[in-house]
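Since the structure comes first, as structure tokens, the remarks are kept for the end.
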Amino acid sequence: MLPLVEKPSRYLGNEKNSVRKNTENIGLHIALAFPDVYEIGMSHFGLQILYHILNEQDPIAAERVYAPGSDLAAHLKSAGLPLSSLETGTPLSGFDIIGFSLLYEMNYTNVLMMLDLAGIPFYASQRDNSHPFIIAGGPCTVNPEPVADFFDAMVIGDGESVVMEMARTWMAWKAGDGRDKITLLKRWAEIEGVYVPSFFQPVYEGPDFKEIQPKIDGYRRVRRAIVADIDKATFPDTPVVAYGRPVHDRLRLEVARGCTRGCRFCQAGMIYRPVRERSVKKLMALTEKSIAATGYEDISLLSLSTGDYGCLSTLMQGLFNCYSSENIALSFPSFRAGTLSPEIMNLVKQVRKTGFTIAPEAGSERLRLVINKNISEQEIFDTVSSAFELGWRLIKFYFMIGLPTETEEDRNAMVDLVKRIRIKLKSEGRRPNINVSIGTFIPKPHVPFQWSPQISLPEANEIISDLKRKLKMPGVEFKWQKPELSILEGLWARGDRRLSRLLETAYRKGCCFDGWSDRFDYRLWEAAILETGIDVDYYTTRNRSMAEPLPWDHIDTGVFKEFLVSEYENALSGTSVSDCRFGDCQGCGVCDFETVQPIFFAPDKTSVPFSENGILSPSSNNEASFEIFYSKTDSARFFGHLEMVNIFTRAIRRAGLKIKFTEGFHPKPKMSFHNPLSVGMESEEESFYITLRESATCGEIISSLNRQLPEGLFITACRVIPANKRPKIEKTATYRVTIFDDVFDDQKITAFHNAPEWTLIRETKKGLKKQINLKEIVRNLESSGPAKLEMCLNATQELSVRPADVIRSIFGFSDTTILRAEFIKEKQKDIPVY
């Protein structure tokens, strides 16, 4: 099926650092499932952490599975084939445990899609011992109730230690009786951070949720699991290197976990407390191992608030010192306004620039006090000026509408702020390039605003329309999230188990990939809501009393409910609260100051890591150029050209070859490839050129690169190229073609040979029609069997016409036949001339 789908490499499962174990001799086979496409899932580092932790254990095999694209999903359904894992192609129904990562409420329909494709019943109550255990983790589980009916168990909080305890418990259960599911679930329920939905029963009175009753003695509340010291926690130093173009295609370092800034709308700031930092020593060691294992050319620092990391300047200086020689860049998209010290500003000048994001959230000082976003207007202006001085050219602002106590005056202040920043930039001689993004405030569980109403759909649409009109000006681009999407996100964020049937109904009607704007269909959701009788306003737009029972009250994140109430009252009075890392403890309840407490590292400027190779010399007397020959066969045929260039570039880094870089602001490796092969094309021999600043022997290059390349890419030969010369080769390209559901008609071959010309019409990128005479391109065309063909093309015109174009034009095959055909480019026998 892979030739028939978009981005087929996302389904190969043989990336660098992926783990493929012999599943016949293991104790536990677990699938880590991400309910979105590969490019999104591979950008989520939490899944990589679990993958690394589990596969470190010999008796455990963890494999990955992502939501298939709609094209592959359709093919699987029509062929009656199950969704399978990437590493070994094991059907999901054949695993012992399937663990879903729940990061976003609008991915819930994708969970059902994946279970459906696997042939696994949706509801936990419908599954028996013949089915895998279905579990889940991630931030959405702090209100597990809307999807609780679908899972056997759910992990609340940090998963590093919990997942291993669950795995060991499962293996012990399996080694014993291994038949009674209830026995295992009771053992899992004893693990801190594990929620077993079937051990709780919700109670309703009319339309109202009244309480959730425990069925098991001593199991009334589930406390969030917390990794007390992330500096001692396992972190992947050999992360899987994704194919294609994942959203975050770089080495990611988690410098800290948690944030105590105390923004009253921010769920992450509440459920990931306290702040726990990693030491510079640990981060530098992780970087050294990870860069060597991945070949990444970019490092990103991860945290809820990277600018607050106590050793940021020491870490940045160390990374620059050690990795600038290899043109490995340090990148991050944003800093919190007010955290740019002169020292940090000087270091940021060296950082790769994309867009700089500032999130004031609210336009007025008054409303920022309400939400505890403790940044002043002056800090916003100063940060914008600093960002432009440091080289950024695009400023992105993020605001929310519908915040508690918001008025039209607050929204006008937002417009006024953007206008004045635009005027300021123009007065400084800078070209304003401002993106303004608007999102509707969504009250989330376990935050001070969890009792607040969400604004209605008509009100949100009206406000966005007004802001769009007022911010229509040169240099300002206005973007917004669909209010329909926000209202549904709010529904699932604060819902209860009565939404289970709505989710199934919506999926059956065709809802899937709802987080994607081009796939989201609100009309289908409206039909599902109408059919199931769900009152959306009950969950979203109504005021809630603080005395009202909440569906998530049995989930204990560590933050006292009294603290949330106090913070809600502070919001209404416009009282700000300081960050406990810089002041007094605010008494939120998370820390016991014995096991769990904030962990910070003081900057030590006397121990900045340093490398003598920190400065890259522009030239070297030892540099040399090479032509490297390689074959591209089997699964490697599914790599696109740019993807393959990326694979080779990182393989060269991992191999330790010192490639030369171009000059300029964004240096690039000195590499060049011959004509790119289209996706699906195999070749017995292709070549590319590289220049090394430190020479190596051809034998060293061949052996070191082959150890780093994926299946299907193989270095066959290498030769030194004289300085400033490239071989000039006049050659043809010969292809062997095999088709699988048709035959090559000899009469059509004869007709082509006898025709004085054969016109192929192609449309250019600009939409223009271009006529090409295939008789000038095709040198030879002959069949070697009913389904086999050999053709020879003029290589100088190979780029203008692909072999598939020739076959389609002459034989009239369908697109499916062409896509499934096997095209192999033969090794050339021409002799290079210098």
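Scanning the range 87-121 for residues that are closer than 16 Å to Pro197 by Cβ, part of a loop (DSSP other than H, G, I, E, B) and open to solvent by less than 10 Å² (accessible area, probe 1.4 Å) returns a single hit, Leu102. Out of the residues in the range 502-522 that are among the basic types (Lys, Arg) and part of a loop (DSSP other than H, G, I, E, B), state the one that is most open to solvent (accessible area, probe 1.4 Å). Ranking the candidates gives Arg519 first.
Just checking, how many residues over the range 629-649 are of a type in the set (Lys, Arg) and open to solvent by 10 Å² or more (accessible area, probe 1.4 Å)? It would help to see each step written out before you state the result.
First, pick out the residues of the range 629-649 that are of a type in the set (Lys, Arg): 632, 637.
Those left that are additionally open to solvent by 10 Å² or more (accessible area, probe 1.4 Å): 637.
Residues flagged as of a type in the set (Lys, Arg) and open to solvent by 10 Å² or more (accessible area, probe 1.4 Å) within the range 629-649 amount to 1.
Just one of the listed residues (Ala717, Ala733) is closer than 30 Å to Leu657 by Cβ, open to solvent by less than 20 Å² (accessible area, probe 1.4 Å), among the small types (Gly, Ala, Ser) and assigned to a strand (DSSP E or B), and it is Ala733. Looking at the range 572-588 only, could you name the residues that are within 33 Å of the chain's Cα centre (by Cα) and surrounded by 14 or more Cβ atoms within 10 Å (Cβ to Cβ)? Listed by number, the residues that qualify are Ser578, Asp579, Cys580, Arg581, Cys588. When Ile53 is tested against (1) under 17 Å from Thr88 (Cβ atoms); (2) in a helix (DSSP H, G or I), just one condition goes unmet, and that condition is (1).
Scanning the range 762-802 for residues being of a type in the set (A, V, I, L, M), over 22 Å from Phe813 (Cβ atoms) and surrounded by 14 or more Cβ atoms within 10 Å (Cβ to Cβ) gives a total of 1. If you take the residues in the range 165-195 that are among the charged types (D, E, K, R) and assigned to a loop (DSSP other than H, G, I, E, B), which one is least open to solvent (accessible area, probe 1.4 Å)? Among those residues, the one meeting the criterion is Asp180.
In this structure, is Lys396 open to solvent by 40 Å² or more (accessible area, probe 1.4 Å), modelled with pLDDT of 90 or more, among the charged types (D, E, K, R) and not in a helix (DSSP H, G or I)? Outline the logic, then answer.
Working: open to solvent by 40 Å² or more (accessible area, probe 1.4 Å): yes; modelled with pLDDT of 90 or more: yes; among the charged types (D, E, K, R): yes; not in a helix (DSSP H, G or I): yes.
Considered against the rule, which asks whether it is open to solvent by 40 Å² or more (accessible area, probe 1.4 Å), modelled with pLDDT of 90 or more, among the charged types (D, E, K, R) and not in a helix (DSSP H, G or I), Lys396 comes out as yes.
Looking only at the range 196-237, residues that are within 22 Å of Ala124 (Cα to Cα) and assigned to a loop (DSSP other than H, G, I, E, B) come to 7 in all. For the range 251-263, state whether one or more residues are hydroxyl-bearing (Ser, Thr, Tyr), at pLDDT below 95 and more than 30 Å from Glu87 (Cα to Cα). Checking the range 251-263: at least one residue is hydroxyl-bearing (Ser, Thr, Tyr), at pLDDT below 95 and more than 30 Å from Glu87 (Cα to Cα).
Residue count for the range 352-392 under the criterion of being part of a loop (DSSP other than H, G, I, E, B) and either under 26 Å from the mean Cα position of the chain (by Cα) or within 20 Å of Arg430 (Cα to Cα) (or both): the result is 7. Beta carbons closer than 6 Å, at least 6 apart along the sequence or on distinct chains, pair a first residue in the range 406-428 that is at pLDDT 95 or above with a second that is basic (Lys, Arg) for Val415/Lys470. Inspect all residues belonging to the range 689-705 and state whether any of them is on the phi < 0 side of the Ramachandran plot, open to solvent by 50 Å² or more (accessible area, probe 1.4 Å) and among the basic types (Lys, Arg). Checked the range 689-705: no residue is on the phi < 0 side of the Ramachandran plot, open to solvent by 50 Å² or more (accessible area, probe 1.4 Å) and among the basic types (Lys, Arg). Scanning the range 270-283 for residues that are surrounded by 21 or more Cβ atoms within 10 Å (Cβ to Cβ) and not in a loop (DSSP other than H, G, I, E, B) yields Met270, Ile271, Arg276, Glu277, Val280, Leu283. When Ser130 is tested against (1) assigned to a loop (DSSP other than H, G, I, E, B); (2) closer than 25 Å to Tyr539 by Cβ; (3) open to solvent by 50 Å² or more (accessible area, probe 1.4 Å); (4) of a type outside the set (Lys, Arg), only condition (2) is not met. Here Thr557 meets the list (1) modelled with pLDDT of 95 or more; (2) open to solvent by 40 Å² or more (accessible area, probe 1.4 Å) almost entirely, failing just condition (2). As a summary of the residue check, Asp741 satisfies the conditions (1) exposed (fewer than 12 other Cβ atoms within 10 Å of the Cβ); (2) of a type outside the set (S, T, N, Q); (3) in a strand (DSSP E or B) except for the one numbered (3).
When Gly159 is tested against (1) under 17 Å from Leu185 (Cβ atoms); (2) under 22 Å from the mean Cα position of the chain (by Cα), just one condition goes unmet, and that condition is (1). Candidates are the residues of the range 284-301 that are touching a residue at least 60 places away in the same chain (Cβ under 8 Å) and either of a type in the set (A, V, I, L, M, F, W, C) or not in a helix (DSSP H, G or I) (or both); the one that is nearest to Lys232 (Cα to Cα) is Met284. Restricting attention to the range 560-571, the residues that are open to solvent by 20 Å² or more (accessible area, probe 1.4 Å), out of contact with any Gly (no Cβ under 7 Å at 6 or more places or on another chain) and either among the charged types (D, E, K, R) or in a loop (DSSP other than H, G, I, E, B) (or both) add up to 3.
Applying the criterion of being modelled with pLDDT of 75 or more and open to solvent by 50 Å² or more (accessible area, probe 1.4 Å) to the residues of the range 344-369, the residue that is farthest from Phe449 (Cα to Cα) is Glu365. Taking the criterion of being closer than 23 Å to Ile53 by Cβ, among the hydroxyl-bearing types (Ser, Thr, Tyr) and modelled with pLDDT of 95 or more, would at least one residue in the range 119-129 satisfy it? Looking for residues that are closer than 23 Å to Ile53 by Cβ, among the hydroxyl-bearing types (Ser, Thr, Tyr) and modelled with pLDDT of 95 or more, one finds none in the range 119-129, hence no.
Has the range 813-820 got any residue that is part of a helix (DSSP H, G or I) and more than 24 Å from Arg637 (Cβ to Cβ)? Outline the logic, then answer.
Kept after step one, since they are part of a helix (DSSP H, G or I), are these residues of the range 813-820: 815-820.
Checking the rest, the ones that are also more than 24 Å from Arg637 (Cβ to Cβ) come to none.
The answer is no; no qualifying residue exists.
Return yes or no: is Ile749 crowded, with 17+ Cβ neighbours inside 10 Å and not charged (D, E, K, R)? Spelling it out, Ile749 is indeed crowded, with 17+ Cβ neighbours inside 10 Å and not charged (D, E, K, R).
Among residues of the range 244-258 that are within 25 Å of Arg276 (Cα to Cα) and among the β-branched types (Val, Ile, Thr), those with a Cβ under 7 angstrom from a residue that is open to solvent by 20 Å² or more (accessible area, probe 1.4 Å) and assigned to a loop (DSSP other than H, G, I, E, B), sequence gap 6+ or separate chain, pair up as Val255/Ser303.
Against the definition (among the charged types (D, E, K, R) and either in a helix (DSSP H, G or I) or in contact with a helix residue (DSSP H, G or I) (Cβ under 6 Å, 6 or more places away or on another chain) (or both)), how does Lys21 come out, yes or no? For Lys21, the condition - among the charged types (D, E, K, R) and either in a helix (DSSP H, G or I) or in contact with a helix residue (DSSP H, G or I) (Cβ under 6 Å, 6 or more places away or on another chain) (or both) - is not met. Report, by residue number, each residue of the range 35-46 that is under 21 Å from Met166 (Cβ atoms) and open to solvent by 10 Å² or more (accessible area, probe 1.4 Å). Once the filter is applied, which keeps residues that are under 21 Å from Met166 (Cβ atoms) and open to solvent by 10 Å² or more (accessible area, probe 1.4 Å), the range 35-46 yields His44, Phe45, Gly46.
Taken together, the residues in the range 589-617 that are farther than 30 Å from Pro667 by Cα, surrounded by 10 or more Cβ atoms within 10 Å (Cβ to Cβ) and at pLDDT below 85 amount to 2. Exactly one residue among Leu304, Leu315, Leu340 is modelled with pLDDT of 90 or more and assigned to a loop (DSSP other than H, G, I, E, B), and that residue is Leu304.
The values are calculated or read from the model by the stated rules, or taken from the named source; none is laboratory data. These numbers come from a predicted model, not from an experiment. Positions of Cβ are backbone-derived with ideal geometry, glycine not excepted, and every protein chain shown enters the neighbour counts. What goes into the accessible areas is simple: the full protein's heavy atoms, side chains included, and nothing from ligands, DNA or RNA. Shrake-Rupley method; radii C 1.70, N 1.55, O 1.52, S 1.80 Å.
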